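Below is one structure, written out as structure tokens; comments come after it.
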Amino acid sequence: MVVSDKDALAVFIDYLSKEKRYPENTIIAYRFDLEEFARFLALEYEMTAPHLQDITTSMVRSYLANLKDEKKKRSARTINRKISSLKSFFKYHLRIGNITKTPMSGVIAPKARKRLPQFVEQQDMGQLLEHTVFPDNWKGYTDKMILTIFYHTGMRLSELVNLKESQVNQEGNNLKILGKGNKERIVPVSTELMTSLTGYMRQKRKDLEGPDTTVLLVNEKGKKLSARSVYLSVNAWLSTVTTIDKKSPHVLRHSFATHLMNNGADLNAVKELLGHASLAATQVYTHNTIEKLKDIYKKAHPRA
């Protein structure tokens, strides 16, 4: 299926959404990166409606050099993301026959400094979930459920807001999570959490008028939660127990994995629970475990 150049971005975004089933935030990032590249071509090369075949490797390199400019000073991490967006875009159009070669060949991504994932300390999560008093209303009830589910399962933000009641398996005490690329994984949960989940579903029907009974979590109007509202709730509650820089749903995912590793969980098991495609993505959590061991050694060994 060859498409016209003017439809190239729209068709690619449609592919990410319908075929790859990428989360909305990821698609927004791809669109932003590609539109920024298009604006650069228009400004620097007067290519307001460029033919894909006319875009060269030198143009791409010029764009990346512009990103490194002192005034912009984008981080290696940000530049790598933009390179990834461009590579995916041109690879897709190469595959469908819209171009015969990709201008991304020979483009090397800068080395990004490896950063250990931030996480909330185990005792701080205990304080939040066991000793914090949440408001006695539907939002307070839902906020606690959000935090509990994130920490007990390690699921992603998009996975939580789209979690359906039908994915709650009461008999098996597990959740069927639909992850990236439409891949399913089974995550076991405690009896305590399952009781909370079934109680929430029951209470939803009792307290709210005409609630959405397809999705699990809803707001006080009975509607599906937005990703933004969940993010803001998590950020606000984490701010009450931790001073780490990032206070997001993804930090709770990091906390889930790190605490499992710190307590002796098998790396492959953590990989499956997180829904990672490869073990390499999970191995970053072993570094946090090693750092914890180093800290224990320094504090406990007489010759440390």
With K183, K114, K101 as the choices, which residue is over 30 Å from V11 (Cα atoms) and either out of contact with any Cys (no Cβ under 8 Å at 6 or more places or on another chain) or modelled with pLDDT under 95 (or both)? K114
Complete set of residues in the range 166-222 that are among the basic types (K, R) and either over 25 Å from the mean Cα position of the chain (by Cα) or over 21 Å from R156 (Cβ atoms) (or both): R202, K204, R205, K206, K221
Mind checking which helices (runs of 4 or more DSSP H) fall wholly inside the range 231-294 and carry at least 3 residues that are at pLDDT below 85, on the phi < 0 side of the Ramachandran plot and buried (at least 16 other Cβ atoms within 10 Å of the Cβ)? none
Out of the range 2-25, which residues are part of a helix (DSSP H, G or I), surrounded by 15 or more Cβ atoms within 10 Å (Cβ to Cβ) and at pLDDT below 90? D5
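A quick yes/no check of all residues on (1) under 16 Å from E36 (Cα atoms); (2) small (G, A, S):
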position: R61; (1), (2): yes, no
position: K68; (1), (2): yes, no
position: A76; (1), (2): no, yes
position: R81; (1), (2): yes, no
position: S84; (1), (2): yes, yes
position: K91; (1), (2): no, no
position: I96; (1), (2): no, no
position: K101; (1), (2): no, no
position: M104; (1), (2): no, no
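Every residue, every condition in (1) crowded, with 17+ Cβ neighbours inside 10 Å; (2) touching a Lys or Arg at 6+ places or on another chain (Cβ under 8 Å); (3) not assigned by TED's automatic domain parsing to the domain that holds R31, yes or no:
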| residue | (1), (2), (3) |
| --- | --- |
| L64 | yes, yes, no |
| D69 | no, no, no |
| K73 | no, no, no |
| A76 | no, yes, no |
| S84 | no, no, no |
Test of understanding: among K204, K221, K180, K176, which residue is more than 26 Å from Y22 (Cα to Cα) and surrounded by 14 or more Cβ atoms within 10 Å (Cβ to Cβ)? K204
Options L94, L64, L34, L52: the member that is among the hydrophobic types (A, V, I, L, M, F, W, C), in contact with a His (Cβ under 8 Å, 6 or more places away or on another chain) and without any contact (Cβ under 8 Å) to a residue 60 or more places away in the chain: L52
Give the residues of the range 98-140 that are of a type in the set (D, E) and assigned to a loop (DSSP other than H, G, I, E, B), sorted by residue number. E121, D136
Just give me the residues in the range 194-230 being touching a residue at least 40 places away in the same chain (Cβ under 8 Å) and assigned to a loop (DSSP other than H, G, I, E, B), in sequence order. L208, T213, T214, L216, L217, N219, E220, L225, S226
So is S226 among the polar types (S, T, N, Q), more than 22 Å from E121 (Cβ to Cβ) and either assigned by TED's automatic domain parsing to the domain that holds T148 or over 15 Å from the mean Cα position of the chain (by Cα) (or both) or not? yes
Out of P117, P103, sole residue that is within 26 Å of D245 (Cα to Cα) and outside the structural domain of I28 (by TED's automatic domain parsing): P117
Would you call L157 surrounded by 13 or more Cβ atoms within 10 Å (Cβ to Cβ) and either over 20 Å from the mean Cα position of the chain (by Cα) or assigned by TED's automatic domain parsing to the domain that holds E35 (or both)? no
Can you find even one residue in the range 44-57 that is within 19 Å of the chain's Cα centre (by Cα) and in a helix (DSSP H, G or I)? no
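The values are calculated or read from the model by the stated rules, or taken from the named source; none is laboratory data. These numbers were taken from a predicted model, which means no experiment stands behind them. Every residue, glycine among them, receives a Cβ derived from its backbone with ideal geometry; neighbour counts consider all protein chains shown.
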